[in-house]
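Presented below is the structure to which this report refers.
The values are calculated or read from the model by the stated rules, or taken from the named source; none is laboratory data. The shown structure was predicted, so the numbers you read here are calculated from the model rather than taken from an experiment. Note that each Cβ is placed from the backbone with ideal geometry, even for glycine, and that neighbours are counted across all protein chains shown.
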Amino acid sequence: MSQGYVGPQGVVPYSVVIGRVLQQRRNQLGLQQDDLAAALGITQSAYSRLESGDTVLSLMQLRIAAAALYTSAGAILAAADQYADYLERLGALITNERKDNSAAVLVGLGLLAAAVVAIGSAQKA
């Protein structure tokens, strides 16, 4: 291994990070995607695309989703930034573009899953 190695280079779109925060909070509250979809006035499949990062939330949707999740838009963004910072320390690249089908995105999604577990465990301790 070379001396400059900093870990796997994954790519994670920020929309995926936001979606993961929404999903984690929704699961903590025991809510279904249908519950958030109804609050946003969209279909469950459209909401699913928001959580997966395939589509992005508008600012109004972020506010409505936050209220439905008993939190604030700022808290959702702060959690997303915490995950993004952690992922960057692991060597991932956080992008503003939506997902593509590259292997780097798959590596990045694996890193994001690990970050969710690591940060969640640290917050419980």
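Among all residue pairs at least 6 apart or on different chains, which show Cβ distances below 7 Å where the first residue, located in the stretch 35-60, is free of Cβ contacts under 8 Å to residues at least 60 places away in the same chain and the second is outside any helix (DSSP H, G or I) and surrounded by 16 or more Cβ atoms within 10 Å (Cβ to Cβ)?
49/55; 50/57; 53/13; 53/99; 54/99
Restricting attention to the stretch 4-29, which residues are at pLDDT 95 or above and more than 14 Å from the chain's Cα centre (by Cα)?
Correct list: 28, 29.
Just for helices (runs of 4 or more DSSP H) wholly inside the stretch 1-93: which have at least 2 residues that are loosely packed, with under 13 Cβ neighbours inside 10 Å?
Numbers: elements: 14-28, 33-40, 44-52, 59-68, 73-89.
Hits in the stretch 1-93: 14-28, 59-68, 73-89.
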